[in-house]
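Remarks on the structure that follows.
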Amino acid sequence: MFGLFKRFKEGLKKTAESALGGLSSLFGKKIDESDIDKIEETLYGADFGYETTAEIVDAIRAEYKRNKELHGKRAAEIGAAVLEKILDGAESELAQSEGGANPSVICLVGVNGAGKTTTAAKLAHLLGANGDGVVLGACDTFRAAANEQIREWAQRLGVRLVESSRGADSAATAWDAWQSAKAKGAKWLVIDTAGRLHTKENLMGELAKIRRVLAKNDPAAPHNAVIVLDGSLGSNSIEQAEAFHKAFGLTGMIITKLDGTGKGGALAGVYRRLKLPILYVGLGEKPDDLQKFNVRAYVNGVFGLEAAND
Ligand SMILES: Nc1nc2c(ncn2[C@@H]2O[C@H](COP(=O)(O)OP(=O)(O)O)[C@@H](O)[C@H]2O)c(=O)[nH]1
Ligand SMILES: [Mg+2]
């Protein structure tokens, strides 16, 4: 566990700054009404949304009513407890194939630039770190640069890659990738797909085809249908996630770029609405910056609190 809280705290620095409007600067002293108003305003600014902001601030206000000596740090702890409860159930493990006879498939979907390809590579690296076999399927067959980008990652991280020529049928590539993973006895198959607008029906249809082809190999595949969301897009990601969920039947989410944004609060809004587990979060651009989502570490990072065991 060592280092996990620190990693989240580091990655969530910008959100913590905008969420708290410097609440951590109030840690050592008593707060007043205007501080609470400021906390409310800044929680909106970090894209926590109306409901979550209201619940957090109501709890702080209620305590302030009872105790006018309320310190900033205690207020942060109260807020953290509320947020932790909102995110109850958000942690989860990747689903695995029954009995492990077939590769466990993770299919990453989402709009362009969300971080799918980077995340596919990081995830393959992470899953392979303990010796499990991993195959990466390059099913973004639209863009010329797509293959090069994922190939570069695969070479750098030493991950086995199955790709096809540009313009090839992405579902056919998914088929090849599954066959290769099966033949190699790989435990995991991570499939990267082309970015698509959730409003384009034909592209959404292509995802359905990838699913059908995978299911011919293994009716349970893909075991994980995961949307990759750009965490810096704030509340816009809710609409995206809903559309993909409707078209593709998502099982989980990965939220990227939490390090690059002050809007890391949107994660709570997406979870509230979709109630899909947040499997991993992206806290930077390095391979090790993809981290398993941990509610306590996220919440403490947001509220600038230290973890007892870190
Ligand atoms: N700072 C930061 N950048 C990220 C993260 N994840 C992805 N990126 C960057 O986001 C950009 C788009 O990523 P890419 O994987 O190509 O997105 P795709 O179009 O969905 O495949 C790239 O420049 C990535 O380096 C993250 O967690 N943090
Ligand atoms: Mg890509």
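I need the shape label for the chain. Rule: rounded when a/c is under 1.5, else prolate if a/b > b/c, else oblate, with a, b, c from the alpha carbon gyration tensor. Spell out each step's value before the answer.
Details: a/c = 2.49, a/b = 2.13, b/c = 1.17.
Prolate is the answer for the chain, as a/c is 1.5 or above and a/b outweighs b/c.
Pull out a ≥ b ≥ c, the square roots of the eigenvalues of the alpha-carbon gyration tensor of the stretch 4-86, then state rounded if a/c is under 1.5, prolate if not and a/b is larger than b/c, and oblate in the remaining case.
Values: a/c = 1.60, a/b = 1.35, b/c = 1.19.
Here the stretch 4-86 falls in the prolate category.
Nearest 5 is fine: what % of DSSP beta bridges in the stretch 162-299 come out antiparallel, could you say?
Details: 3 of 11 bridges.
Counting DSSP beta bridges with both partners in the stretch 162-299, the antiparallel share is about 25 percent.
How much accessible area per residue does the stretch 88-153 have, in Å², with a 1.4 Å probe? The partial results should precede the final answer.
Working: 2630 Å² over 66 residues.
Per residue, the stretch 88-153 has an accessible area of 40 Å².
Which of Y50, F8, I60 sits farthest toward the positive end of the charge dipole of the stretch 4-86, with +1 on the Cβ of Lys and Arg and -1 on the Cβ of Asp and Glu?
It is F8.
Add -39500 (n - 2.57) for each DSSP H run of 4 or more in the chain, then divide by its residues: what number comes out at 222 nm, to the nearest 500 deg cm²/dmol?
Details: 12 runs with 150 residues, N = 310.
After summing the helix terms and dividing by residue count, I get -15000 deg cm²/dmol.
To the nearest 0.05, how large is the calculated FRET efficiency for S25 and E242 if R₀ is 35 Å and r is the Cβ-Cβ distance? The partial results should precede the final answer.
Values: r = 37 Å, r/R0 = 1.07.
The value I calculate is 0.40.
Taking the chain as a Gaussian network, Cα atoms linked when under 10 Å apart, which of G100, G269, G49 shows the biggest mean-square fluctuation?
G100
Return the distance in nm (one decimal) between the two label points of a simple spin-label model at K286 and N202, each offset 7 Å from Cα along Cα→Cβ.
4.3 nm
Calculate, for the stretch 162-284, the solvent-accessible area per residue in square angstrom, rolling a 1.4 angstrom probe over the heavy atoms of the protein chains.
Numbers: 4650 Å² over 123 residues.
Value for the stretch 162-284: 38 Å² per residue.
What list of ³J(HN,Hα) couplings, whole Hz, do you get for the stretch 279-286 from phi and the Karplus terms 6.51, -1.76, 1.60, once you set θ to phi - 60° and write x for glycine and proline?
Taking θ as phi minus 60°, the curve returns 6, 9, 10, x, 10, x, 9, 7 Hz for the stretch 279-286.
Where the accessible area of the chain is counted over protein heavy atoms with a 1.4 Å probe, how much of it, in %, is carbon and sulfur?
48 percent
Cα-Cα over 28 Å: which of K73/K286; K30/K85; K187/K209; K184/K275; K68/K257? Numbers along the way, then the final one.
Working: K73/K286 32 Å; K30/K85 25 Å; K187/K209 23 Å; K184/K275 35 Å; K68/K257 38 Å.
Where the Cα-Cα span goes over 28 Å, the pairs concerned are K73/K286; K184/K275; K68/K257.
5 Å is the cut-off here: which amide hydrogens, built 1.01 Å from N in the peptide plane, fall below it relative to S104, excluding neighbours closer than 5 in sequence?
The answer is S97, W188, L189.
How do S164, S104, S232 stack up against each other in accessible area, from largest to smallest, with a 1.4 angstrom probe?
Working: S164 25, S104 5, S232 45 Å².
The residues order as S232, S164, S104, largest area first.
I need the calculated FRET efficiency for the pair E69 and L4, taking r as the beta carbon distance and R₀ as 25 Å, to the nearest 0.05.
E between E69 and L4, to the nearest 0.05, is 0.15.
Would you please classify the overall shape of the stretch 142-184 from the alpha carbon gyration tensor, given that a ≥ b ≥ c denote the square roots of the eigenvalues, rounded means a/c under 1.5, and beyond that prolate means a/b larger than b/c while oblate covers the rest?
It is oblate, given that a/c is not under 1.5 and a/b is not larger than b/c.
Which percent, to the nearest 5, of DSSP beta bridges fully inside the chain are antiparallel? Intermediate values should be presented prior to the final figure.
Values: 4 of 30 bridges.
In the chain, DSSP labels about 15 percent of beta bridges as antiparallel.
How big is the dipole moment of the stretch 98-293 about its Cα centre under a simple scheme where the beta carbon of each Lys and Arg is +1, that of each Asp and Glu is -1, and everything else is neutral? Debye, nearest 20, please. Don't skip to the answer; put the middle values down first.
Working: 24 positive and 19 negative charges, 53 e Å.
The calculation lands at about 260 debye.
The values are calculated or read from the model by the stated rules, or taken from the named source; none is laboratory data. Bear in mind that the values here come from a model prediction, so they are computed numbers and not experimental data. Positions of Cβ are backbone-derived with ideal geometry, glycine not excepted, and every protein chain shown enters the neighbour counts. Accessible surface areas use protein heavy atoms only, side chains included; no ligands, DNA or RNA. Shrake-Rupley method; radii C 1.70, N 1.55, O 1.52, S 1.80 Å.
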